[in-house]
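Working notes, beginning with the structure itself.
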Amino acid sequence: MSFQAEDPAARLSEDEIARGIAVAQRLRVAVLVVAYDAESHIESTLRRIPDALMRELACVYVIDDQSPDATFDKAREVARDFPRMRVFKTPQNQGYGGNQKLGYEYAIREGFDIVVLLHGDGQYAPEAMPRLLAAFDDEATCAVFGSRMMVKGAAKRGGMPFYKRVGNRILTWLENRLLGAELSEFHSGYRAYRVAALADLPFRYNTNDFHFDTEIIIQLHGKGMKIVEVPIPTYYGDEICHVNGIAYALHCIATILRYKANRIYLVHHPKFDLEGQGHYVFKEAPNSLHQAILDRGTTRGARVVELGAGHGQVGRSLHGQGASVVAIDLYKPDVDFPFPYLARDLDAPFADAVCEAQGGQSQVVVALDVIEHLKEPEVSLREIRAVLEPGGRLLASTGNVAYLPLRFLLFFGMFNYGKKGILDLTHKRLFTTRSFRRTLEGEGFVVDRLVGFGPPIRDMVGQGLVLGALDSVLSWLARLWPSVFAYQFLVEARAKDSLDDILSRTVASESQSGSRAG
């Protein structure tokens, strides 16, 4: 095995080498060597790390993943010549992803600034390491990936089989389209990470299998962290490949789809609990819940109360349409509003405070994804009735726990709570269309209309042609059969007379009848 110096992707300029070494001088750079069945390659791989760079590295540590051959012993022989080289062996096989987890945990524990991932079988050129490190001159860079596809023909010259080149390009194209990324290659194992960025990623939940690398790309992308690609040479020799290509490809695609489902809260996994995905998003798609509220003629120019107002964007939009708005939530955002915004606990009485702020009863109450969070929805609905004038309208939405995908998940024994969505951890009550209607009717409301909505694909996933078509189809199905296909539904209800009001009028009828008889 040799470094292909004639390959354009392999030619490092003196500036790249100098900058890479300078990074190692300025920061604590470590090299993690993951190894399995690498007895015949581990020594040459380690010795090919450039001497000038080796002298500046904080540590080179090899983690042998319970190889059945002499990988561990060979690496220890090399370590005798390098005082800052350490060689470890896992107590039991961890898998490719599990080995990386151990290596990154070690980097975090030891306080390194940069960790470079190098494969012990020599498939990735240690000589190119300064190029990866040079990219960390930019303090915004969180990860650097060596790409075999950036230089035209480099992969072919390096001996990558035709089917792997084609498969790599097709799979990368599909992953870019699904994820909204622009990487030239998803599947290079030559990478360097800023350790502070790794510490901010939930990589501990990732798979121990080979698609660990795809999951960490998703996490970097979801966190908005900067990824830089640099060209590297390709070499395919007699190293042993342990990857099942078909299974690997299917795992990669399935992982991205799970991430997408996580973003619209259909499923939940903590490895995809990424920054920026937990807040309540104002929906702008024309077939979305929020736009349906803004299109309702009942709110224009009306006295409106928004319960659980959150960021207040719905209230602002209603105010812009001429409504007299009062917003209420547990906490008021630290921004100015052109209408009263009350900080109140909706599990406590709130009707008097709202009526005082509104100057009387309201014509419309908007409660979007609120009622399921309340400890006693029935009691809170009585407060809502007290806020509304006779005949006033309630626009209330909630998630549909009988949504078809959830039925399938439950059939297979999966019922996973998450940070948002139908199975939000903070939900106190779960509703179907029937149980929500029944709850409202039991508290003195007449349900006039129920509208179903599909998952918010356009607002939460993407605007592409395929995604847009999927969004439209699911939206149509949700309206056609809300109890099964609605991810979320909106109920428009009227406040009818309370039992007390009807009783008072009934009792009063006695005196009215008597006066007529006289």
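All conditions but one from (1) surrounded by fewer than 17 Cβ atoms within 10 Å (Cβ to Cβ); (2) part of a strand (DSSP E or B); (3) of a type in the set (G, A, S) apply to A18; the one that does not is (2).
Give the range 38-65 a look and list any residue that's acidic (D, E), under 38 Å from the mean Cα position of the chain (by Cα), in a loop (DSSP other than H, G, I, E, B) and under 22 Å from G98 (Cβ atoms), or say none. Outline the logic, then answer.
First, pick out the residues of the range 38-65 that are acidic (D, E): 39, 43, 51, 56, 64-65.
From what's left, under 38 Å from the mean Cα position of the chain (by Cα): 56, 64-65.
Subsequent filtering for residues that are in a loop (DSSP other than H, G, I, E, B) retains 56, 65.
Passing the criteria: only D65.
Of the residues contained in the range 133-142, one or more are found to be more than 22 Å from Y248 (Cβ to Cβ) and touching a Phe, Trp or Tyr at 6+ places or on another chain (Cβ under 9 Å). From the list R437, R505, the one residue that fits, being surrounded by 11 or more Cβ atoms within 10 Å (Cβ to Cβ), within 30 Å of V387 (Cβ to Cβ), out of contact with any helix residue (DSSP H, G or I) (no Cβ under 9 Å at 6 or more places or on another chain) and in contact (Cβ under 8 Å) with a residue 40 or more places away in the chain, is R437. Annotation: A30 fulfils all but one of (1) among the aliphatic types (A, V, I, L, M); (2) out of contact with any Asp or Glu (no Cβ under 8 Å at 6 or more places or on another chain); (3) over 19 Å from N208 (Cα atoms); the unmet one is (2).
Pick out, from the range 66-168, the strands (runs of 3 or more DSSP E) lying fully within it that include 3 or more residues that are crowded, with 23+ Cβ neighbours inside 10 Å.
Details: elements: 85-89, 114-119, 141-147.
Passing ranges, in order: 114-119, 141-147.
From the list A353, A367, the one residue that fits, being touching a Gly at 6+ places or on another chain (Cβ under 8 Å) and of a type outside the set (S, T, N, Q), is A367. Among the residues of the range 298-339, which ones are in contact (Cβ under 8 Å) with a residue 12 or more places away in the chain and among the acidic types (D, E)? Scanning the range 298-339 gives E306, D329. Within the range 304-315, being modelled with pLDDT under 95 and either more than 17 Å from L381 (Cα to Cα) or out of contact with any Gly (no Cβ under 9 Å at 6 or more places or on another chain) (or both) holds for G308, G310, H311, G312, Q313, V314, G315. Any residue at all in the range 467-487 that is among the aromatic types (F, W, Y), on the phi < 0 side of the Ramachandran plot and touching a helix residue (DSSP H, G or I) at 6+ places or on another chain (Cβ under 6 Å)? For the range 467-487, residues among the aromatic types (F, W, Y), on the phi < 0 side of the Ramachandran plot and touching a helix residue (DSSP H, G or I) at 6+ places or on another chain (Cβ under 6 Å): present.
Has the range 478-495 got at least one residue that is over 25 Å from the mean Cα position of the chain (by Cα), of a type in the set (V, I, T) and buried (at least 20 other Cβ atoms within 10 Å of the Cβ)? Break it down into steps so the answer makes sense when it comes.
Pass one, the range 478-495, residues over 25 Å from the mean Cα position of the chain (by Cα): 479-484, 490-495.
Checking which are of a type in the set (V, I, T) leaves us with 484, 491.
If we keep only those that are buried (at least 20 other Cβ atoms within 10 Å of the Cβ) too, we end up with 491.
Yes - at least one qualifying residue is present in the range 478-495.
Can you pull out the residues in the range 280-307 that are hydrophobic (A, V, I, L, M, F, W, C), under 17 Å from A493 (Cα atoms) and buried (at least 19 other Cβ atoms within 10 Å of the Cβ)? Break it down into steps so the answer makes sense when it comes.
Taking the range 280-307 first, the residues hydrophobic (A, V, I, L, M, F, W, C) are 281-282, 285, 289, 292-294, 302, 304-305, 307.
Now narrow it down to the ones that are under 17 Å from A493 (Cα atoms): 289, 292-294, 302, 304-305, 307.
Hits for the range 280-307 are L289, I293, A302, V304, V305, L307.
Only one of the listed residues (V379, V365, V325) is more than 18 Å from R494 (Cβ to Cβ), among the β-branched types (V, I, T) and assigned to a strand (DSSP E or B). That residue is V325.
A quick yes/no check of all residues on (1) assigned to a loop (DSSP other than H, G, I, E, B); (2) of a type outside the set (K, R); (3) more than 27 Å from P377 (Cβ to Cβ); (4) modelled with pLDDT of 85 or more:
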site	(1), (2), (3), (4)
Y259	no, yes, yes, yes
L266	yes, yes, no, no
L274	yes, yes, yes, no
F282	yes, yes, no, no
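Selection of the range 178-209 for residues being over 19 Å from the mean Cα position of the chain (by Cα), buried (at least 18 other Cβ atoms within 10 Å of the Cβ) and assigned to a helix (DSSP H, G or I) yields only V195.
Just to be sure, is A351 farther than 13 Å from G308 by Cβ, surrounded by 16 or more Cβ atoms within 10 Å (Cβ to Cβ) and either modelled with pLDDT of 95 or more or under 38 Å from the mean Cα position of the chain (by Cα) (or both)? Working first, answer last.
On the way: farther than 13 Å from G308 by Cβ: yes; surrounded by 16 or more Cβ atoms within 10 Å (Cβ to Cβ): yes; either modelled with pLDDT of 95 or more or under 38 Å from the mean Cα position of the chain (by Cα) (or both): yes.
Yes.
For the condition part of a loop (DSSP other than H, G, I, E, B), under 30 Å from G464 (Cβ atoms) and without any contact (Cβ under 8 Å) to a residue 40 or more places away in the chain, P286 qualifies. Candidates I49, I21, I42: the one that is touching a residue at least 40 places away in the same chain (Cβ under 8 Å) and farther than 26 Å from D213 by Cβ is I21.
The values are calculated or read from the model by the stated rules, or taken from the named source; none is laboratory data. Note that the structure is a prediction, hence the values are computed from the model and not measured. As a convention, Cβ positions derive from the backbone with ideal geometry for all residues, glycine included, and neighbour counts pool all protein chains shown.
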